[in-house]
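Down below is the structure, laid out as structure tokens.
The values are calculated or read from the model by the stated rules, or taken from the named source; none is laboratory data. Owing to the predicted nature of the structure, the values given are computational and were not obtained by experimental measurement. Methodologically, a virtual Cβ is constructed for each residue, glycine included, from the backbone with ideal geometry; neighbour enumeration extends over all protein chains shown.
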Amino acid sequence: MTNSGSSPRALLTDDHLALLPEGHPLRSGGTADSPMIRAMRGDRPETHPVWFMRQAGRSLPEYREAREGTRMLEACLTPELAAEITLQPVRRHGVDAAIFFSDIVVPLKVAGLDVDIVPGKGPVMGAPYRTAEQIATLPEIPDAAFDPIREAVRLTVEQLGSTPLIGFAGAPFTVAAYMVEGGASRDHLAPRIMMHRDPQAWDALADWTARTAGRFLAAQIEAGASAVQLFDSWAGSLPERDYRRYVMPHSARALAAVEHYGVPRVHFGTGTGELLPAMKEAGADVVGVDYRLDLDEAARRLGPDTPLQGNIDPALLDAGWDVLREHAVDVLSKGEAAVSHIVNLGHGVPAGTDPAVLTRLVDLIHGGRELNDPGR
Ligand code: 1CP
């Protein structure tokens, strides 16, 4: 299916492309015409493009083997290894994009902060950042600190050819949530208290995380990423009034930091059904929708001109093929309500997922026989 109208947004004009380095895949590598980038720009290519959040990771035996004996953050900052892990799911599943193997706390690590990723737990800070004095110690990050990221991206895009690499960063709230809590949490109470109790300290912290996210995204784009995603995974814990007042301006600055490149920017969070219009207003070109809200309803809330990404329920990956197939076909059908649709899960691939199911799902989405013949 081809969409008659072209993108309503001024993405990827010659002026924009001129800001990217000459060898950038969007200028010379053919990613601009890939189904993924076309769909992100509001077009409907012949097949639905698909990628999966957390496609690189524990569900793949080749990942577990490559990571053997290397800590997570060390793996992220070893360019050859990060590139290899980024490429693994593209080779195995035939997805339409790679997502850069890194983590939302990698910029904190390169800034020299005391942070680690603990197996089974996620990010853990040596000490939380809760007071204005602690926040005042956050450093300016020297540009060279991002060099291992640039090198990993360069090595990756060299091997990806016309398949785009999606870069990413954690949004200011989600990253600040780890910094204020000191690690993972369920309700994100500490940052939500801080924004009301000490709005100045909150703003200083969110300002630092916004600038850091902008620089992390810019480093990936300049080194060859053809699109980026801002992950505000935990924004769903906020009421809309707090999101708009304490979070959205910071996320908007992180997104604005890379607007001039014209590279599509996806904005994603979980539990964010009520926040979707604000997340779009923050400056997104594509809005990521989690598995809780149907895409036709998301299109109604955002208007039909917004490209949508999502939102197969990760739980159904392990619910049996017939159940998954029916659900995926329904997601494709509801996605028709939007100008364009990038297929993804509604959150990350669970660690215990059978990789063969993901490969089969990619085939289905690409229009394999099963899509037209539900009796199989
Ligand atoms: O395939 C990919 O998606 C690329 C790699 C990627 C991405 C995009 C990783 C690798 N992390 C992320 C982003 C990330 N990191 C997010 C946003 C996406 C999401 O909501 O899932 C978040 C919230 C984190 C923080 C984080 N890092 C967690 C969650 C902890 C919590 O609070 O529940 C965890 C478990 C990590 C570690 C991590 N990051 C990535 C991997 C493969 C792992 C597991 C590391 C291991 O092997 O132990």
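Answer with yes or no whether H48 is assigned to a loop (DSSP other than H, G, I, E, B) and more than 13 Å from the ligand (Cβ to nearest atom). If you could, list the steps in order and put the result at the bottom.
On the way: assigned to a loop (DSSP other than H, G, I, E, B): yes; more than 13 Å from the ligand (Cβ to nearest atom): yes.
It is true that H48 is assigned to a loop (DSSP other than H, G, I, E, B) and more than 13 Å from the ligand (Cβ to nearest atom).
Which residues, counting only those in the range 219-236, are crowded, with 22+ Cβ neighbours inside 10 Å, in a helix (DSSP H, G or I) and over 13 Å from the mean Cα position of the chain (by Cα)?
Within the range 219-236, A219, I221, A223, A235 qualify.
Listed here are the residues, each with its yes/no results for (1) within 17 Å of the chain's Cα centre (by Cα); (2) closer than 24 Å to A171 by Cβ.
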position	(1), (2)
H260	no, yes
K280	yes, yes
A284	yes, yes
D294	no, yes
A299	no, yes
G320	no, no
L358	no, no
D363	no, no
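Let's see how each residue does on (1) of a type in the set (D, E, K, R); (2) modelled with pLDDT of 95 or more; (3) in contact with a strand residue (DSSP E or B) (Cβ under 9 Å, 6 or more places away or on another chain); (4) surrounded by 21 or more Cβ atoms within 10 Å (Cβ to Cβ):
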site: P239; (1), (2), (3), (4): no, yes, no, no
site: M248; (1), (2), (3), (4): no, yes, no, yes
site: R253; (1), (2), (3), (4): yes, yes, no, no
site: R265; (1), (2), (3), (4): yes, yes, yes, yes
site: A284; (1), (2), (3), (4): no, yes, yes, yes
site: E297; (1), (2), (3), (4): yes, yes, no, no
site: P314; (1), (2), (3), (4): no, yes, yes, no
site: V323; (1), (2), (3), (4): no, yes, no, no
site: S333; (1), (2), (3), (4): no, yes, no, no
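Hey, any hits in the range 33-51 for a residue that's farther than 23 Å from L308 by Cβ, out of contact with any strand residue (DSSP E or B) (no Cβ under 6 Å at 6 or more places or on another chain) and either touching a residue at least 40 places away in the same chain (Cβ under 8 Å) or of a type in the set (V, I, T) (or both)?
Of the range 33-51, the ones farther than 23 Å from L308 by Cβ are none.
No, the range 33-51 contains no residue that is farther than 23 Å from L308 by Cβ, out of contact with any strand residue (DSSP E or B) (no Cβ under 6 Å at 6 or more places or on another chain) and either touching a residue at least 40 places away in the same chain (Cβ under 8 Å) or of a type in the set (V, I, T) (or both).
Here are L17, L60, L12: which of them is at pLDDT below 95, of a type outside the set (S, T, Y) and crowded, with 20+ Cβ neighbours inside 10 Å? Full working, then the answer.
Details: L17 fails: crowded, with 20+ Cβ neighbours inside 10 Å; L60 fails: at pLDDT below 95.
Criteria check complete, one pass: L12.
Considering only the range 133-145, I want to know if a residue exists there that is near the ligand (Cβ under 9 Å from one of its atoms) and touching a residue at least 40 places away in the same chain (Cβ under 8 Å). Show your work before the answer.
First, the residues of the range 133-145 that are near the ligand (Cβ under 9 Å from one of its atoms): none.
The answer is no; no qualifying residue exists.
Looking at the range 226-239, is at least one residue under 20 Å from V289 (Cα atoms), within 14 Å of the ligand (Cβ to nearest atom) and in contact with a Pro (Cβ under 6 Å, 6 or more places away or on another chain)? It would help to see each step written out before you state the result.
Applying the first criterion (under 20 Å from V289 (Cα atoms)) to the range 226-239 yields 227-239.
In the following step, the residues that additionally are within 14 Å of the ligand (Cβ to nearest atom) were identified as 227-237.
Okay, now just the ones that are also in contact with a Pro (Cβ under 6 Å, 6 or more places away or on another chain), so 227.
For the range 226-239, residues under 20 Å from V289 (Cα atoms), within 14 Å of the ligand (Cβ to nearest atom) and in contact with a Pro (Cβ under 6 Å, 6 or more places away or on another chain): present.
Going through the range 85-114 one residue at a time, which ones are within 13 Å of the ligand (Cβ to nearest atom) and without any contact (Cβ under 8 Å) to a residue 24 or more places away in the chain?
Residues of the range 85-114 that are within 13 Å of the ligand (Cβ to nearest atom), as a first pass: 85-90, 92-93, 95, 97-109.
Result: no residue meets the conditions.
With (1) within 16 Å of the ligand (Cβ to nearest atom); (2) of a type outside the set (D, E); (3) at pLDDT below 95 as the list, and G368 as the residue in question, which single condition is left unmet?
Single failed check for G368: (1).
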